[in-house]
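Some notes on the structure that comes next.
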Amino acid sequence: MAKAAKLQSNTEDSIEASETTVGPVPMPDRSELWRTRVMIQARNLSRSTQFVIAAALILGLTMFFVGELVSERIERAAVQSAAEAGANYMEAFLEPYVQELSRDNGLSPSSIESLDSLLEGRSLKRHIVSIKIWRPDGTVVYSTDKSITNRKFPMTEITDALKGNVVTDLDELKQTESEFERNFNIPLYEIYAPLRELNTGKIIAVGEFYEKAESLEQEINRVHRQVWMVVGTATLAMLTLLFFIVRRGDKIIQRQQVALKSRMLEQSKLHLSNAVLQRKITTATQEFSRINELTLRRIGADLHDGPAQLLTLILVQLDDLAENCTTVDQESLETIRRAATDALREVRDLSRGLALPEINDLSLQEELQLVALRHEQRTGSKVNVQLGPLPEEASLPLKLCLYRFVQEALNNAYRHAQGQGQAVRADCINGRLCISVKDSGPGICADAMAAETSGRTRLGLAGLRYRVESLGGQFSIDSSPSGTSVNAQFSL
């Protein structure tokens, strides 16, 4: 039991420690998850649907403000028109009774009684529920509500009317002097109209009257409904038209995208096919170059071991015959000897030119120095070799191409420029091997470059271009009266 209690205590302590150390796992923000979900769903919608949603928001808000503005203007115009008509109507009734205000500060009892009787008429009582007459100082000199007569109130409501304007208000009656009218619990709009002296036209009072607004409100509501119906119909029509236009354009874009993807897929397949073919061509070209060099080496060896040995044997036999011949025979034998010697020399030259150079185990720097050295030994001319940092390893086809390129270019320099200013330069810059063979001769013309195909041990310019371009390199010739430069570049 003691061990069990100790084990339970240790377990509880470890749980408390883990809770204290780790703490609660933070839950992701729901609003962030909702925004992410909405954004993902929005991306999945078509362009036409996205456009309709955006256009509905923008156009809906725009048309809402337009509708509100039009409705407000119509309501204001309707109220103002009704107010002006009512003001003209009431001015005709009230102005005769307020003329005495130009002389006195109040109305006579007879005028007040006449006004009361006027309000009791059926035609006026059907529209007007209350009348007030204000002095220019803000004192109410007459009111249907007798409790505010001769009381002074703020002049905020009558200021514009004192300037000669008809003022109307359809809002709730919140003024202190309008408590009597609020008790009717019906929609009213109050109208303030200037009352003038008949002779001078001077404003001597302001007439305020409250007119029933049920019919006016009904008319305004009807106009509001018509306005919103027109705005809503126009908005819906524009959205529908824009939807079909955008949907048609969306379908065209989708078809073009499908066609473009199909063409891109075909282009990609064609590119892969071209790449495979290019690799096969490059491999075949390199293999052909290797086989061609081996074939030339075999031909050179056959010339050296076959005709050259026979010619050597002929010369030995001629030497033996020369000891026992007469003078005439000596001349004939000497002629035969010279011909055989010349033939042997040409056969050996051919075999040396066709033989594969010993470059398998050489680096590029050693190979280029070797071909320049052999040219100097063969021609007795000087070659300036300037080599930058070159790769340590290179493929055999590239080595053969560089050897033959420098060999043929130096032969051309010796032939056309008499070996003047012969120079071999090679360097590796940004993964590109650049090599050039230059001379300081008189240069060669374009026709001569096109016709440069002769020579037994030389490949000619056309052969040089073929060798370089078959390995993916770039071949060029720069020639001027001050010299010629044969250039090649290879991407390593």
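Summed over the range 145-176, the residues that are at pLDDT below 75 and over 27 Å from Glu72 (Cβ atoms) give a count of 1.
When Asn221 is tested against the conditions (1) at pLDDT below 75; (2) part of a helix (DSSP H, G or I); (3) within 60 Å of the chain's Cα centre (by Cα), the lone failure is (1).
Residue check: is Gln226 of a type outside the set (Ser, Thr, Tyr), outside any strand (DSSP E or B), over 14 Å from Gly67 (Cβ atoms) and under 60 Å from the mean Cα position of the chain (by Cα)? The answer is no for Gln226.
Quick check on my filter: what residues within the range 61-82 are β-branched (Val, Ile, Thr) and modelled with pLDDT of 70 or more?
Kept after step one, since they are β-branched (Val, Ile, Thr), are these residues of the range 61-82: 62, 66, 70, 74, 79.
Passing the criteria: Thr62, Val66, Val70, Ile74.
Condition check: in the same structural domain as Arg151 (by TED's automatic domain parsing), part of a helix (DSSP H, G or I), modelled with pLDDT of 70 or more and touching a strand residue (DSSP E or B) at 6+ places or on another chain (Cβ under 7 Å). Does Leu107 satisfy that? When the stated conditions are applied, Leu107 does not pass them.
The values are calculated or read from the model by the stated rules, or taken from the named source; none is laboratory data. On a predicted model such as this, the values are computed, not experimentally measured, just so you know. Please note: Cβ atoms are built from the backbone with ideal geometry, for glycine as well, and neighbour counts cover all protein chains shown.
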